[in-house]
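This report refers to the structure that appears directly beneath it.
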Amino acid sequence: PGLLLGVVLGGFCMLFQGGDVGGIFEAIHYGVEAASGHEMVDSLLSGGGMDGMMWTISLIMCALTFGGVLESTGMMQTIAGTMLEKAKSTGSLVLVTVLSCLFVNVLCADQYLAIALPGKMFKDEYANRGLAPRNLSRALEDSGTVTSALVPWNTCGATMASFLGVATFAYAPFAFFNLLSPIVTTIYGFTGFSIMTMEEDPASPEFKHKMKLKKSPRELEEYIANYQARTRMAD
């Protein structure tokens, strides 16, 4: 809504200043070229338009199409099944999740697919092992989300390199959070630190069933509400 409102207001201002409808659509497509007489100001105000972002947009479209083909043909499920055969422990399951996210980020070149595809592939496996969904969510975020900016042909890496004017491999060695997050979450998986089971997760039915044996329904709801409030404050 904010972007659409900006376009509408910009078009109105252009008409108010004597422009025409053709000029509005030309600015939307090709951007604008400022001529204030100051080089720095012109560099800040010039640019924009769909044409300037078409390379990134086309990359996103190709990545989503390719990811859809991989999912609909069952290729990713086959790969996941092979990897899960090696994942005997919780740590190895987390490691497989991390590696899958990295693989999709490199192969499919899109952050969304690096989260959605492994999430769908491993959701049932985490549930079958009695692990809370937040464990899968953390593994996806710590690997699929943050590492997408480190891949030059990924939509995130391409966008950041375009905006910053710095090559992806140039800033990658200094992106410590992006580099360390997958390692830390894998260590958590093998050590069991902060790994939560279904019975320990207040949002899960298993936890509610277990707590019903110890608390009244009202006490249970109060406990869950207090826990969620503390979690939001911590975030």
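Values in this text are rule-based calculations from the coordinates and carry no lab data. Being a predicted model, the structure only gives us computed values, none of them experimental. As a convention, Cβ positions derive from the backbone with ideal geometry for all residues, glycine included, and neighbour counts pool all protein chains shown.
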Subject >> Amide hydrogen neighbours beyond the local backbone of G19, cut-off 5 Å, H modeled >> reply: none
Original post:
Who wins for biggest fluctuation among F25, F16, F103 in a Gaussian network model of the chain, springs between alpha carbons below 10 Å?
Top reply: F16
Original post:
Amide H to amide H under 5 Å from V151: which residues, 5+ apart in sequence or cross-chain, H placed 1.01 Å off N in plane?
Top reply: G157
Original post:
Which parts of segment 122-158 would a label at L107 reach, counting a residue when its backbone N lies under 18 Å from a point 7 Å out along Cα-to-Cβ?
Top reply: 122-123, 140, 143-145, 147-148, 151-155
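Sum up the lysine pairs in the chain that clear both bars: alpha-carbon distance under 23 Å and a spacing of 8 or more or different chains.
Lysine pairs meeting the criterion: 6.
Output the peptides 105-114, 34-43, 77-86, 118-127 sorted from most to least packed, where packing is the average of other Cβ atoms within 10 Å over each peptide's residues. Kindly include the intermediate steps, with their values, before the conclusion.
Values: 105-114: 23.7, 34-43: 10.4, 77-86: 13.9, 118-127: 17.9.
Ranked from most to least packed, the peptides come out as 105-114, 118-127, 77-86, 34-43.
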Subject >> Table column - 3J(HN,Hα) (Hz), segment 14-29, Karplus curve with 6.51, -1.76, 1.60, x for Gly and Pro >> reply: 5, 5, 5, 8, x, x, 10, 5, x, x, 5, 5, 5, 5, 5, 7
Original post:
For T82 and S137 in one chain, what is 0.36 nm times their gap in residues minus the Cα-Cα distance, to one decimal in nm?
Top reply: 17.7 nm
Original post:
What does the convex hull of the Cα atoms come to per residue for segment 71-173, in Å³?
Top reply: 95
**OP:** Could you check the simple spin-label distance between E222 and M54, using points 7 Å along Cα→Cβ, in nm with one decimal?
**Re:** 6.4
Original post:
For L131, which sequence-distant residues (separation of 5 or more, or a different chain) have an amide H within less than 5 Å of its own amide H, given hydrogens modelled in the peptide plane?
Top reply: M198
Subject >> Debye-sum result for segment 114-187 in log10 I(q)/I(0), which assumes one identical scatterer on each alpha carbon, at q = 0.23, 0.24 Å⁻¹ >> reply: -0.98, -1.02
Original post:
Measuring from the lowest to the highest alpha carbon on each principal axis, how far does segment 17-66 reach, largest first, in angstroms?
Top reply: 45, 28, 9
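Quick check: net charge around A87, other residues with Cβ under 11 Å of its Cβ, Lys/Arg +1 and Asp/Glu -1? Intermediate values should be presented prior to the final figure.
Numbers: positive: K86, K88, R129; negative: E85, E125.
Charge balance near A87 sits at +1.
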Original post:
Using Cα-only point scatterers and the Debye equation, what is log10 of I(q)/I(0) for the chain at each q in 0.13, 0.16 Å⁻¹, rounded to two decimals?
Top reply: -0.93, -1.13
**OP:** Whole Å is fine, so just give me how far the alpha carbon centre of segment 36-87 lies from that of segment 152-168.
**Re:** 11
Subject >> Rounded tilt (10° steps) of 217-234 against the dominant C-alpha axis of the chain >> reply: 40
Original post:
Once the Cβ-Cβ distance between H38 and L15 is put in as r, and R0 is 30 Å, what FRET efficiency do you end up with, to the nearest 0.05?
Top reply: 0.70
